[in-house]
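Working notes for the structure below.
Just so you know, all these numbers are worked out from the coordinates, no wet-lab data involved. What you see is a predicted model; the values in this text were computed from it and never measured. Note that each Cβ is placed from the backbone with ideal geometry, even for glycine, and that neighbours are counted across all protein chains shown.
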Amino acid sequence: METRQIEIRRNVVERGLMAVKDYVVHNRRLVAYSAAGTLAGIMLIVVMVVYYDYRAGGELVQFEQLLDKYRASYPADDKERDAALEKTVKELGAVVESSHWGYVHEFGYYIIGNLYYSEKKYKEAREYFLKFADSSSGSYFAPMGLQQAARSSEYLGDIKDARKIYSRLEKDYEKSAIADQIQYDLGRIYEQEGDGVRARECYNKVLAGFPRSPFAQKAKERIILLGLAERKDPRP
């Protein structure tokens with residue numbers, strides 16, 4: 001019985017191979033064209049990958065040269081420094097916008113944001129950090145870009161906008177590497193807005209979800225301070 005089944009399977013395979021052979025024999029031109037088209041498609045993909053890798057490497061070199069030029073010619077005069085910064089950002093932005101993939105395409109806006117942030121130009125920094133987060137939402141660094149945008153808003157005194165960004169972080173990146181800090185920072189913002197209840201909720205999430213995090217101890221201290229403040233305030 002087993003030998004018969006093996007023979008049946010062999011016959012099926014042989015018939016299939018014969019059918020393929022007959023098709024190729026009777027459609028040689030079509031098969032040849034199809035094979036040539038497939039090969040041409042594969043070669044085109046390979047050429048495109050090599051080209052874009054080469055182009056991405058050149059864009060990275062150009063990007064780094066612009067940064068090095070700015071850092072090397074860092075003027076002492078505030079007005080000249082601002083002019084040099086804006087010129088560099090414009091040139092860097094042009095490289096990013098002309099790129100299609102690679103390091104510059106993915107991280108260019110983040111680097112420009114940090115450039116502004118280091119110069120304490122928080123409004124411009126926030127703009128580029130948000131650009132980065134929107135264009136590279138799947139990147140490992142996307143939550144860090146939003147975090148920097150929120151901090152920029154805090155430095156600008158725009159607590160409402162900072163809360164909006166931290167809330168976005170909580171919603172979209174609750175499982176990211178900085179989830180503990182996101183909850184802690186959101187708690188801080190609620191505390192600044194006078195919402196002790198929500199602040200405590202965020203701090204408790206840090207304690208419950210990340211007990212070994214360095215932010216857990218800070219959250220515990222914040223909860224204690226909230227309790228002390230509530231005792232001093234007799235209002236219901």
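Which FRET efficiency, nearest 0.05, do K160 and D68 yield, Cβ-Cβ r, R0 45 Å?
Working: r = 38 Å, r/R0 = 0.85.
Approximately 0.70, to the nearest 0.05.
Cut-off is 10 Å between beta-carbons; in what order do D82, D185, D161, D77 appear when sorted fewest neighbours first?
If I rank by nearby Cβ atoms, fewest first, I get D77, D82, D161, D185.
Using the structure shown, select from K160/K220; K121/K205; K79/K131 the pairs with a Cα to Cα distance greater than 30 angstrom. Spell out each step's value before the answer.
Numbers: K160/K220 24 Å; K121/K205 33 Å; K79/K131 26 Å.
The answer is K121/K205.
How would you classify segment 119-236 from its alpha-carbon gyration tensor, with a ≥ b ≥ c the square roots of the eigenvalues: rounded for a/c under 1.5, else prolate if a/b is greater than b/c, otherwise oblate?
In terms of gyration-tensor shape, oblate.
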